[in-house]
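The values are calculated or read from the model by the stated rules, or taken from the named source; none is laboratory data. From a predicted model like this one, the values you see are computed outputs, not experimental measurements. What goes into the accessible areas is simple: the full protein's heavy atoms, side chains included, and nothing from ligands, DNA or RNA. Shrake-Rupley method; radii C 1.70, N 1.55, O 1.52, S 1.80 Å.
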Amino acid sequence: MSSFISQLLQPGGGIALIPFIRATVCLLLLMTIVIFICGIARVHMVVLASLSTGLLISISWFERAWNDVQRRRGGQAKSGNDAAFLAQGNKEPEKTD
């Protein structure tokens, strides 16, 4: 258990939580749909369901981008800003002294 926690605390370790986050958001979406069908606070459930759907889409997009970065790097994790790496394409970030 402590090795999992230490893995989460390392840079880039939060990626291990993506399946749990996705499952939690899917359950939220399921519950909002069920509550909408039951007729409780319909407008609120529509808004919450649309937000949950957007969050699922953004999680999928982030995971796809993360996998592309890892594939370009040969599967090894490097330190640095991955957002900057994604923005620059295939170029490595320039070093400034």
Report, by residue number, each residue of the stretch 1-23 that is open to solvent by less than 70 Å² (accessible area, probe 1.4 Å), more than 21 Å from residue 54 (Cα to Cα) and either within 10 Å of the chain's Cα centre (by Cα) or not hydrophobic (A, V, I, L, M, F, W, C) (or both). 6, 12, 13
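In this structure, does residue 76 turn out to be open to solvent by less than 90 Å² (accessible area, probe 1.4 Å) and at pLDDT below 90? Break it down stepwise before answering.
Details: open to solvent by less than 90 Å² (accessible area, probe 1.4 Å): no; at pLDDT below 90: yes.
Here the answer is no, as residue 76 does not meet what is asked.
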Go through the residues of the stretch 43-60 one by one and say whether even a single one is open to solvent by 70 Å² or more (accessible area, probe 1.4 Å), assigned to a loop (DSSP other than H, G, I, E, B) and at pLDDT 90 or above. no
